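The values are calculated or read from the model by the stated rules, or taken from the named source; none is laboratory data. Note that the structure is predicted; figures quoted are calculated from it, not measured. In this analysis, Cβ positions are derived from the backbone assuming ideal geometry, glycine residues included, and neighbour counts consider all displayed protein chains. Just so you know, the surface numbers come from the protein's heavy atoms only, side chains and all, with ligands and any DNA or RNA stripped out. Shrake-Rupley method; radii C 1.70, N 1.55, O 1.52, S 1.80 Å.
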Amino acid sequence: MSLDDQIREATEVLTRQLREEFDGKVNRLAEQLKSSIKLEHIAGVHRRNLEAFHQLDAAKSLSGLLDTLLTAAAADAARVVLLIAYGGRLRGGGAEGWGESLGDARALEFEPGDSGIVGEAMARRKAVLWASNGRAKAARSDTLPPFAKLPNGGTAVAVPLIVGGRAVAT
């Protein structure tokens, strides 16, 4: 092997080693940044939740507590509706993020059996999730209240508010 060939081969080996080392360092740095960003996001969510709990503690009335709950939920969701169990029916207690599409949320009223995932969450006393992925059966979208039809890729979550073991709102 000539001197030129030896130099070329040594250069190629060194270049490959440097590239692999550089790629490894870049990948490790990228993973550290991802972890840092995730931790910052999680810390932000925890700060919001802690502040929401402080605001709930400071509420002076039931309506103040429910308004605070609605505002706190709206910090993490694009659209929120509060439905309150009253007289065997679910009645609108407020909404955030719907604009004009919902109208007056306080005018909403449903039989629990006709309110889809909302009634299911109330009956089961635990959160119920439904995601629209375009492949779900059309009948599954009937589990949403009439005002809450989802676009493809949307997600609906119904979370009941439990007081004394009874679901009183969602």
Extension gain (nm, one decimal) between Arg16 and Tyr86, 0.36 nm per residue minus Cα-Cα: 18.1 nm
Simple spin-label estimate for Asp114 and Asp57 in nanometres, 7 Å along Cα-Cβ: 4.2
Count charges around Ile162 for me, please; just the other residues with Cβ under 13 Å from its Cβ, Lys/Arg as +1, Asp/Glu as -1. +4
How charged is the neighbourhood of Glu96? Take every other residue with its Cβ under 12 Å from the Cβ of Glu96, and add Lys/Arg as +1 and Asp/Glu as -1. -1
Given a 1.4 angstrom probe, I'd like the percentage of the accessible area of the stretch 6-135 that is carbon and sulfur, rounded to a whole number. 55
With a point put 7 Å past each Cα toward its Cβ, work out how far Leu29 is from Arg125 in nm, to one decimal. 5.4
